[in-house]
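Here the structure comes first, spelled out in structure tokens, and everything after it is commentary.
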Amino acid sequence: MAAQALASAAHAEGGYATAFPFFGAERRGAPVLAFTRIDDKRIYRKTQVYEPDFVVVLDEGLLETVNVVEGLKDGGAVVVNSVRSPEEIDVGIDAKLATVDATSVALEVLKRPATNSSILGALSKATGIVSIESIEKGIMQVFGDRLGEKVGERNAKAARIAYDRTVVGESHGSRVLKASNKWLPDVRELPMGVAGISLDTDAGAVGPGSFLENKTGSWKVFHPEYDGEKCTMCNFCWFYCPEGCIYRKEDRMEFDMDYCKGCGICANECPAEAIKMVR
Amino acid sequence: MVSKICTGNYAAAYGSMRSRARTVAAYPITPQTFIVEHISEFINNGEMDCEYIEVESEHTAMSACVSASASGVRTFTATSSQGLALMHEILPIASGMRLPVVMAVVNRSIASPINIWVEHNDIMPERDSGWIQVFCDNNQEVQDMILQAYRIAEGKRVALPVAVCLDAFILSHTVEPVDLIEQDAADKYVPEFSPTGAILDPDDVAAVGVFTPPDYMMECRWQTDKAMRNAVEAIGEANEVFAKQFGRDHGGMIDPYMVDDAEAVLVTMGTASSTAHEVVDEMRAKGKKVGLVKLRFWRPYPSELLRAIAEKVKAVGVFDRAVSYGIGGPSYIEFRNAVFGLDLPVMNFIGGLGGRDVSLQDVRFMYEKLLEAARTGVVKRDITWMGTRGVEQ
Amino acid sequence: MKLKELPDEELFTRGHTACAGCGAAVAVRNLMKVLGKRTMVVNPACCLLIFGATYPYLAWKVPFHHVAFENTAACATGMSRAMKVRGKEDTVVMGIAGDGGTADIGIQALSGAAERNEDMLYVMYDNEAYMNTGIQRSGSTPFGAWTTTTPVGKVKAGKADFKKDMPLIMMAHNVPYVATASIGNIQDFINKFEKARNMKGFRYIQVFTPCPTGWRHDTAKTIEVAKLAVDTGMWTLYECENGKVKINRKPKMTPVSEYLKVQGRFRHMKEEDVRKLQDWVTSKWEADERYAQCRQ
Ligand SMILES: Cc1ncc(C[n+]2csc(CCOP(=O)(O)OP(=O)(O)O)c2C)c(N)n1
Ligand code: SF4
Ligand code: SF4
Ligand code: SF4
Ligand SMILES: [Mg+2]
């Protein structure tokens, strides 16, 4: 929705813009990719963006696993949702970089960690590609249309606050990310009929049970804090956790933060109040 | 070998029994009904060892076949017309999963208007479904092709489903002598079922039919296309081995008749081929150089074989028992593609729709038109709607 | 089996991509623990397909099969018969589908398989809308609920029709086992899946699985919402074993408004509509109770 709101903002300024998600099938909360193209004339290309001018990162955790500046044009800029200052962030290259704690803004204004509207404020501040007024209009149009005027207004407000809080600076990077490693079999290697069979590939395991390779822990904003003293080992949290990332040990429960999505069910259901959700 | 007077439906049912299909899921529809009934009888008489699933629709029939096949057993089904249309969604799933399901399709007109008689318009929408499709022109061939179908379908080289097509009523309900294959002979020809790809098995965990992102699709589609191309070889072999064992050679991809020195050739599918065969004899007796290509396999399409024939003749006519509205007969369109670039008069005859009889006179008419085109090198009318009142012939 | 006796091994592994707080994921992980390793799964198009099986990754550690959307029971039929042919009848063939894939588009194949008493366990995880395609109404969506096809507009708001009573329809098929379950009632949930696992013939279990994304509730409240549904009578827990119906839990008859207010999808509802829904709940419970009495 943010990509669309940005396109809408650019359009409001008389420009031409297109926006589209990478048509994935992840559920809510999973990392997603979306693109916006802005120009003053009609845009014909219907392809993904490979050489962006600006990159917006909603989840700082992704910097650990994804080379977000891949293809970034010279003189481009990066906007990151982070409590840290631009100088403290390493994206692997020297770049203009802006940060804002969009999660806090979203929690304050929307009461939910939905950062996609706030981050647009930061983008406006960092790049000037569209004015904050147009961003507000774009958000009103896209969020407002879909979720109601009030929700639209709140999201526009979040963008404005984020705009004000955005810090623009330079970052000097040295991080080297290993090239993304994906199993890409050729026509001889791909199992017939795309059968899901157990294989140990260079990119890790595939096939039955291989979702273990997918560390969903990066999705969370809050995480459970467990107090073993209070725990009665009732096993409720173990049953109720949608991820199966709470393990039963001899005399305590163990929470696997590599997979916890931070839903808060365990804390909500624990009869002994042994779990608290914290940021 | 027993020779018996039987219908095409019986021949199909019998063929599935002798091929040892172990799961059959089918739903009755005129004119396929007797296939279902015969199989039920075979099973209830203890002659056929098979799970018969009395499904509530063709959609379920094909779904159950797909899953049974994916779970490692040999399957068979049969349908026609509206029933085939109802299966439509599941057909490319069978081929995409590379499952060697075999199905008899009794070709019948597709609504609307509703009509139960022969026409090929029911299977034409399945052209791109990834099913191997073969058209028969007699009941012997129906039985034989069911057996051959399993040999073609199964194994790593192909691993694709096969539809054995027979014309409604003209074959399905017409009796003619058929040499019925006995079980040991059939067992010798159709090897015991052994699945090739990954199957669903509690003792060897795998998944069949996973949601697949763009990263894997081109490779997957390429493999299926390759398998369909490989089928050409498998079809030839299946025919050869069959001919050796049973002494009947149905001709593989195509079955040409009197084409070597022919000036005008007609390309036909299904039972029109049989009728045309007789007309060729009759016209040859009068010294007219006509020939016939019985197009047996519609997928994979025998482009090269047809082109080689086309290069030697002066005019070709394609007879279609189907129409693709606004362009012409599907077989004609395909043929034009196969002979692209050749300086050759090609004519399309659309006829026999909805059970309209295709008579000897009709075939003579087509050959006369073709001979004229062969003589003059000129095609007066690309597409002729045979015997259609108010339409110029 | 008691909760503490459930095995540690996850046959539906973590790393799956369901939304945080997904009720369906809670159901699937746990029912797989009860059913065990010799289970084979047929799963149609729905959220679960995507979050449990996106090539080349799978959360499933048992044979998994997807064919299309409306044919879960048909495919499970084919699989189950194949297991019979191959002499592997000790497997539990489970079709597991959403409410849309079951109550709407899949009902024909389902009814056919039930009537033939095919040997399978059919599980409907009920999240009361088409979630996979973005929260459209289904036959299982309750009265009043917002969905993207029953949007809150100026002249109309929410679903105008009441929830289809699928378990009742399934009981009318006179199959060996029909049960309703909820992820909020642990022991009852375990009992029912254990019972179904040990039976032959057609078994149907409909599990109530709240969906924070589609129901617009806090991700932490998934279980709370499930429990409220049972307490208010929006969802009754009963089972029908070989024709005999037993209510497993009498609802407290907490006012439905308690249930509605924790979910964004009901936020727009006017008082009179809430009353209408309350009346429906009351009469549904009365009918369920009477039905149970005459099929004791
Ligand atoms: C024949 C057909 N029509 C429509 C669709 C699109 N479709 C896929 S999943 C889905 C909704 C699934 O809803 P439900 O069964 O309730 O499962 P949920 O996603 O809610 O868990 C729809 C409409 C399809 N895949 N096939
Ligand atoms: S918050 Fe608790 S219940 Fe939710 S995923 Fe994390 S551990 Fe599991
Ligand atoms: S729910 Fe609470 S008391 Fe029960 S096992 Fe989990 S942490 Fe311990
Ligand atoms: S939309 Fe609902 S059912 Fe689907 S994955 Fe998300 S929470 Fe689960
Ligand atoms: Mg649903």
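Hey, any hits in segment B:24-42 for a residue that's in contact (Cβ under 8 Å) with a residue 24 or more places away in the chain and within 8 Å of chain C (Cβ to nearest Cβ)? Within segment B:24-42, one or more residues are in contact (Cβ under 8 Å) with a residue 24 or more places away in the chain and within 8 Å of chain C (Cβ to nearest Cβ).
Residues in segment A:258-265 include at least one that is within 9 Å of ligand 2 (Cβ to nearest atom), within 28 Å of A:K182 (Cβ to Cβ) and more than 7 Å from every other protein chain (Cβ to nearest Cβ).
When we screen C:F69, C:F64 for residues that are under 27 Å from B:C220 (Cβ atoms), at pLDDT 95 or above and more than 7 Å from chain B (Cβ to nearest Cβ), the only hit is C:F69.
Condition first: open to solvent by 30 Å² or more (accessible area, probe 1.4 Å), within 19 Å of C:E118 (Cα to Cα), in contact with an Asp or Glu (Cβ under 9 Å, 6 or more places away or on another chain) and aromatic (F, W, Y). Can you find one or more residues in segment B:38-52 that meet it? Looking through segment B:38-52, none of the residues is open to solvent by 30 Å² or more (accessible area, probe 1.4 Å), within 19 Å of C:E118 (Cα to Cα), in contact with an Asp or Glu (Cβ under 9 Å, 6 or more places away or on another chain) and aromatic (F, W, Y). Every test in (1) surrounded by fewer than 17 Cβ atoms within 10 Å (Cβ to Cβ); (2) of a type in the set (V, I, T); (3) under 22 Å from B:F297 (Cβ atoms) is passed by B:V339 save one, and that test is (1). Among the residues of segment B:120-142, those that are at negative phi and in a loop (DSSP other than H, G, I, E, B) comprise B:H120, B:N121, B:D122, B:I123, B:R127, B:D128, B:S129, B:W131, B:C136, B:D137, B:N138. Taken together, the residues in segment C:12-36 that are within 11 Å of ligand 2 (Cβ to nearest atom), open to solvent by less than 10 Å² (accessible area, probe 1.4 Å) and in a loop (DSSP other than H, G, I, E, B) amount to 2. Among the residues making up segment B:162-209, those that are buried (at least 24 other Cβ atoms within 10 Å of the Cβ) and within 14 Å of chain A (Cβ to nearest Cβ) are B:A198, B:L200, B:A207, B:V208, B:G209.
This table checks each residue for (1) over 22 Å from B:K226 (Cα atoms); (2) crowded, with 20+ Cβ neighbours inside 10 Å; (3) out of contact with any Asp or Glu (no Cβ under 7 Å at 6 or more places or on another chain).
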residue: B:A111; (1), (2), (3): yes, no, yes
residue: B:W117; (1), (2), (3): yes, yes, yes
residue: B:H120; (1), (2), (3): yes, yes, yes
residue: B:R127; (1), (2), (3): no, no, yes
residue: B:I132; (1), (2), (3): no, yes, yes
residue: B:Q140; (1), (2), (3): yes, yes, no
residue: B:L147; (1), (2), (3): yes, yes, yes
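For segment B:290-314, the candidate set comprises residues that are farther than 24 Å from B:N230 by Cβ and without any contact (Cβ under 8 Å) to a residue 60 or more places away in the chain; within that set, the residue that is surrounded by the fewest Cβ atoms within 10 Å (Cβ to Cβ) is B:E311. C:I223 falls short on exactly one of the conditions (1) touching a strand residue (DSSP E or B) at 6+ places or on another chain (Cβ under 7 Å); (2) closer than 30 Å to C:G36 by Cβ; (3) of a type in the set (A, V, I, L, M), and that condition is (1). Here A:K182 meets each of (1) at the interface with chain B (Cβ under 8 Å from one of its Cβ atoms); (2) in a helix (DSSP H, G or I); (3) under 24 Å from the mean Cα position of the chain (by Cα) with one exception, condition (2). So, in segment C:82-110, of the ones that are facing chain B (nearest Cβ under 7 Å) and in contact with a helix residue (DSSP H, G or I) (Cβ under 6 Å, 6 or more places away or on another chain), which residue ends up farthest from B:R74 (Cα to Cα)? Ranking the candidates gives C:A109 first. In the condition set (1) in a loop (DSSP other than H, G, I, E, B); (2) farther than 22 Å from C:N30 by Cα; (3) open to solvent by 30 Å² or more (accessible area, probe 1.4 Å); (4) aliphatic (A, V, I, L, M), A:V168 is compliant with all but (1).
Say we look at segment C:115-134 and pick out the residues that are buried (at least 24 other Cβ atoms within 10 Å of the Cβ) and more than 14 Å from the chain's Cα centre (by Cα); which of these is farthest from the other protein chains (Cβ to nearest Cβ)?
Kept after step one, since they are buried (at least 24 other Cβ atoms within 10 Å of the Cβ), are these residues of segment C:115-134: C:118, C:120-131.
Next cut, more than 14 Å from the chain's Cα centre (by Cα) only: C:118, C:120.
On the way: C:E118: 8, C:M120: 11 Å.
Across segment C:115-134, the extreme among qualifying residues is C:M120.
The values are calculated or read from the model by the stated rules, or taken from the named source; none is laboratory data. Predicted model, so just to flag it, every value in this text is computed and none were measured. In this analysis, Cβ positions are derived from the backbone assuming ideal geometry, glycine residues included, and neighbour counts consider all displayed protein chains. The accessibility values were calculated without ligands, DNA or RNA, using every heavy atom of the protein model including side chains. Shrake-Rupley method; radii C 1.70, N 1.55, O 1.52, S 1.80 Å.
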